[in-house]
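Undergrad: Below is one structure. I have some questions about it.
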Amino acid sequence: MRLFAKKNLFKLLITLMIVVAAGSMLAANAGDFSDISRITPFEPKSLWLMKQAKAIIETYHVDGDISDISEKELVYGALEGMVAAWNDPYTRFVDPDTLKDEEIDMRGEYGGLGMYIGQRDGMTVIISPIEDTPADRAGIKPQDQIVKVEDEVIMGWNTHDVVKRLRGKPGTGITIWVRREGEEKLLEFHLVREIIKLRSVRFEMLPEKIGYIRITQFKQETARDVKTAVKDLKAEGAVGMILDLRNNGGGLLGSAVDVADIFLDGGLVVGMKGRVERANDKLFADAGRLCTLPMVVLINEGSASASEIVSGALKDRDRATIVGVKSFGKGSVQTLFNLPDGSGVYVTIARYHTPSGTIIDHVGLEPDIMVEGEMTKEHEKDEQLKKAVEALKTKMSTSDKNDVEFYEKAS
């Protein structure tokens, strides 16, 4: 024991000598940085605590003599823990390899299950399945909570780690267990990964010349595709428009603003409020609009982020009636700050607010007309869509003659 104590005392003296030497060199090269606490992220006593913990693990861990863990891995692990301490699932550290992998999220194709997921109260929540994907066809629903993937319980995992676990080579199978409200037992789903093709817009003409546009996500080309849909439906004689944003988990902010611009004649689309000046911003629609037809927007608990921005703008600007149930409530702005080694930190810098000042984050958007029901491809069984059609007819019938003439001429 005495020998062990002497060895540790020797290590402590060496460490202090290194710290003093480092401080001297920094003082010589950085002038007024002579106090080491001014150039480190933590107080010296906190750094010493980290060193003690590291030394204890290296000395006593059963695999300490064979584990080959690099300093970079330890630093990245510490950074992940530090960022996670803010208790914001959308503020996170990403290493260089992970950052490169994430570049496929808003473009291209990947092998996966086809669903948007998020974090709520420490649980992995399915925001919405993507239409015509394995998750959608299997019957996965918004608000389902993923509890287990294969044999691994994922409670406490961050969103990116869950996404990495779910993705894989197309054609390979994976089993997930979800908790669903109203069900006593976990639901088991056996899914096969496939190439997820990110098609975001489809449209059709419903009976009585009602145009129907469905947006599944907001990508770079979404506004362009919506413009095409509007033009085609108007050419077929559409007299009203339903914009379906149900189970749309969001996407690009710029795309959402561009879509809202199609239906708005200038004015505020969305505002952002943060702690620093650069985080405060307001985004506006351009003057003029492509579509002036009466509108109804469909939302549900799977409508999040960019979907809530569009529906919130159209609601607050009295441009459309909102039908469905309260949206998910993901209304925050993340910015990527790149670090020198190729890693980065995503930081929530602001929260969105609608033109009237309503905050969406953790609250959701309330519809004008509340209608329960599940989205289905069979229109005759879709209670929310049927209510949207009814609301649109009422909207058109209660418009006075001059309004109707204006709609027809402007369209």
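Table: residues versus (1) in contact with a Ser or Thr (Cβ under 8 Å, 6 or more places away or on another chain); (2) modelled with pLDDT of 90 or more; (3) among the aliphatic types (A, V, I, L, M); (4) crowded, with 19+ Cβ neighbours inside 10 Å.
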position: 331; (1), (2), (3), (4): yes, yes, no, yes
position: 339; (1), (2), (3), (4): no, yes, yes, no
position: 342; (1), (2), (3), (4): no, yes, no, no
position: 345; (1), (2), (3), (4): yes, yes, yes, no
position: 351; (1), (2), (3), (4): yes, yes, no, no
position: 360; (1), (2), (3), (4): yes, yes, yes, yes
position: 363; (1), (2), (3), (4): no, yes, yes, no
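Undergrad: Considering only residues of region 244-258 that are modelled with pLDDT of 95 or more and more than 21 Å from residue 283 (Cα to Cα), which is surrounded by the most Cβ atoms within 10 Å (Cβ to Cβ)?
TA: The residue in question is 246.
Undergrad: Restricting to region 164-221, give me the number of residues that are among the polar types (S, T, N, Q) and closer than 23 Å to residue 246 by Cα.
TA: Number of matching residues: 4.
Undergrad: List every residue pair whose Cβ atoms lie under 7 Å apart, where the two residues are 6 or more positions apart in sequence or sit on different chains, the first residue falls within region 222-235 and is without any contact (Cβ under 8 Å) to a residue 40 or more places away in the chain and farther than 13 Å from residue 295 by Cβ, and the second residue, located anywhere, is hydroxyl-bearing (Ser, Thr, Tyr) and not in a helix (DSSP H, G or I).
TA: If the second residue must be hydroxyl-bearing (Ser, Thr, Tyr) and not in a helix (DSSP H, G or I), the pairs left are 222/200; 225/200.
Undergrad: Quick check on region 72-91: of everything there that is farther than 28 Å from residue 329 by Cα and either modelled with pLDDT under 90 or not aliphatic (A, V, I, L, M) (or both), which residue is surrounded by the most Cβ atoms within 10 Å (Cβ to Cβ)?
TA: Residue satisfying both the conditions and the ranking: 76.
Undergrad: Considering only residues that are charged (D, E, K, R) and part of a loop (DSSP other than H, G, I, E, B), look in region 270-315 and name the one that is nearest to the chain's Cα centre (by Cα).
TA: 301
Undergrad: When you check residue 173 against the structure, is it touching a residue at least 12 places away in the same chain (Cβ under 8 Å), surrounded by fewer than 14 Cβ atoms within 10 Å (Cβ to Cβ) and not assigned by TED's automatic domain parsing to the domain that holds residue 248, yes or no?
TA: Spelling it out, residue 173 is indeed touching a residue at least 12 places away in the same chain (Cβ under 8 Å), surrounded by fewer than 14 Cβ atoms within 10 Å (Cβ to Cβ) and not assigned by TED's automatic domain parsing to the domain that holds residue 248.
Undergrad: Scan region 196-208 and give yes if some residue there is part of a strand (DSSP E or B), surrounded by fewer than 18 Cβ atoms within 10 Å (Cβ to Cβ) and at pLDDT below 95, otherwise no.
TA: For region 196-208, residues part of a strand (DSSP E or B), surrounded by fewer than 18 Cβ atoms within 10 Å (Cβ to Cβ) and at pLDDT below 95: present.
Undergrad: Of everything in region 178-188 that's touching a residue at least 24 places away in the same chain (Cβ under 8 Å) and surrounded by fewer than 18 Cβ atoms within 10 Å (Cβ to Cβ), which residue is nearest to residue 146 (Cα to Cα)?
TA: Among those residues, the one meeting the criterion is 179.
Undergrad: Here is a follow-up. Kindly evaluate residue 43 against the criterion of being surrounded by 12 or more Cβ atoms within 10 Å (Cβ to Cβ) and at pLDDT 50 or above.
TA: In short, no.
Undergrad: Where in region 89-183 are the strands (runs of 3 or more DSSP E), entirely inside, with at least 1 residues that are closer than 23 Å to residue 73 by Cα?
TA: Correct list: 92-94.
Undergrad: Same structure, new question: What is the residue count in region 134-162 for residues that are without any contact (Cβ under 8 Å) to a residue 40 or more places away in the chain, within 18 Å of the chain's Cα centre (by Cα) and closer than 18 Å to residue 192 by Cα?
TA: Qualifying residue count for the region: 1.
The values are calculated or read from the model by the stated rules, or taken from the named source; none is laboratory data. A quick note: this is a predicted structure, and the numbers were derived from the prediction, not measured. All Cβ positions, glycine included, derive from the backbone under ideal geometry; neighbour counts span all protein chains shown.
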